[in-house]
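Since the structure comes first, as structure tokens, the remarks are kept for the end.
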Amino acid sequence: MNGKVLLIIGDGAEATDTLYPYFRVQEDGYEAVVAAPEKRVYHLVIHDLKPGWDITVESMGYLFESDVAFREVNPEEFLGLIIPGGRAPEYLRYDGDLMRIVRHFFETNKPVGCVCHGIEIVAAAGVIKGRKVTTVPKCRYDAEFSGATYVDEPVVVDGNVITSQAPGTAIQFALKIIETLIGPDVANKVKREIVA
């Protein structure tokens, strides 16, 4: 194993935002550890754009079990943090232990990946001031009110922070997380080897 990556969930976490990076980091040899308010099974959701709707329609997704409760997490043990979107960030951002975890990753400049509504968590933690970030347009003000600059692009990388707009950018998002975890020199070497 290359080390551990922490993945945040709660009831209402978006299924693609959660499952794609969960499996993707493991494909590259990292251990994915799932943290939530409590150690139990959570309900993921699926968001779809339906004709005639201005917002996404939410339906039941998969059941997904957490490995550890937020209060039990020692963030020093982890190389990176992934925060999925969905409805979960609306209430997870009030969890003091989660705020402690998030701030650690920013204070130590470790990779942080944040999808869609996940911006609500990093905004609440007060750690994105002066950063360039993206998210779904309806969460733009969460970023801007927190002092970040919103960029309307699918995936934005600003130092150790990787932000993504929505599940449709899962592949680009996960690749940037892996690149940030392994470092740009190694990532460029791997790209050169693949092309050759």
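Ranked by accessible surface with a 1.4 Å probe, highest first, in what order do GLU65, GLU14 come?
GLU65, GLU14
Kindly provide log₁₀ I(q)/I(0) values, in the same order as q = 0.14, 0.19, 0.23 Å⁻¹, from the Debye equation applied to equal alpha-carbon scatterers of the range 1-92. Log-scaled intensity ratios, in q order: -0.50, -0.84, -1.13.
Once the chain from GLN172 to THR108 is taken as fully extended at 0.36 nm per residue, the excess over their C-alpha distance is 20.6 nm. Here the ratio of the Cα radius of gyration of the chain to 2.2 N^0.38 Å is 0.96.
Work from the charge dipole of the chain (Cβ charges, +1 for Lys and Arg, -1 for Asp and Glu, about the Cα centre) and give the residue of ILE178, GLY118, LEU63 farthest towards its positive end. Final value for the positive-end residue is ILE178.
Per-residue packing, averaged as other Cβ atoms within 10 Å, sorts the ranges 120-127, 94-101, 176-183, 77-84 into the order 77-84, 120-127, 176-183, 94-101, beginning with the highest. A probe of 1.4 angstrom, applied to the heavy atoms of all protein chains, finds GLU58 with accessible area near 80 square angstrom.
Considering the zone a paramagnetic label at LYS4 would reach in this model (a point 7 Å from Cα along the Cα-to-Cβ line), which residues of the range 71-100 have amide N under 16 Å from it? Residues 71-82, 98 fall inside that zone.
By the rule of a C-alpha distance below 18 Å, with chain neighbours fewer than 8 residues away ignored, the aspartates and glutamates paired with LYS50 are GLU14, GLU58.
If R0 is 35 Å, the Cβ-Cβ spacing of GLU31 and TYR91 corresponds to a FRET efficiency of close to 0.85. Only helices enter the 222 nm calculation for the chain: every DSSP H run of n ≥ 4 contributes -39,500 (n - 2.57), and dividing by all residues gives -9500 deg cm²/dmol, rounded to 500. Note on exposure: TYR30, TYR141, TYR150, TYR20 ranked by accessible area (1.4 Å probe, complete protein assembly) read TYR141, TYR20, TYR150, TYR30, with the most exposed listed first.
Computed as a quarter of the hull surface, the mean projected area of the alpha carbon convex hull for the range 55-159 stands at 7.0 nm². Here the spin labels are modelled as points 7 Å beyond Cα on the Cα-Cβ line, and at SER59 and LYS129 they lie 4.4 nm apart. Just the protein heavy atoms count here, and of the accessible area of the chain at 1.4 Å, carbon and sulfur take up 53 percent.
Treating cross-link reach as a plain straight distance, find the aspartates and glutamates whose alpha-carbon is under 12 Å from the alpha-carbon of LYS132, omitting any fewer than eight places away in the same chain. Here the aspartates and glutamates satisfying the reach criterion relative to LYS132 are GLU144, ASP152, GLU153, ASP158. In the chain, taking the dipole from charged Cβ atoms about the Cα centre, the farthest positive-side position among ILE8, VAL73, ILE128 is held by ILE128. The translational diffusion coefficient of the range 55-100, from Stokes-Einstein at 10 °C and 1.306 mPa s with a Kirkwood hydrodynamic radius over alpha carbon pairs, comes to 123 µm²/s. Basic side chains Lys and Arg get +1 at the Cβ, acidic Asp and Glu get -1 at the Cβ, and with that the dipole of the chain about its Cα centre reaches some 360 debye.
The values are calculated or read from the model by the stated rules, or taken from the named source; none is laboratory data. This one's a predicted model, so the numbers in the text were calculated from it and none came from an experiment. All Cβ positions, glycine included, derive from the backbone under ideal geometry; neighbour counts span all protein chains shown. Protein only, heavy atoms only, side chains kept; ligands, DNA and RNA dropped before computing areas. Shrake-Rupley method; radii C 1.70, N 1.55, O 1.52, S 1.80 Å.
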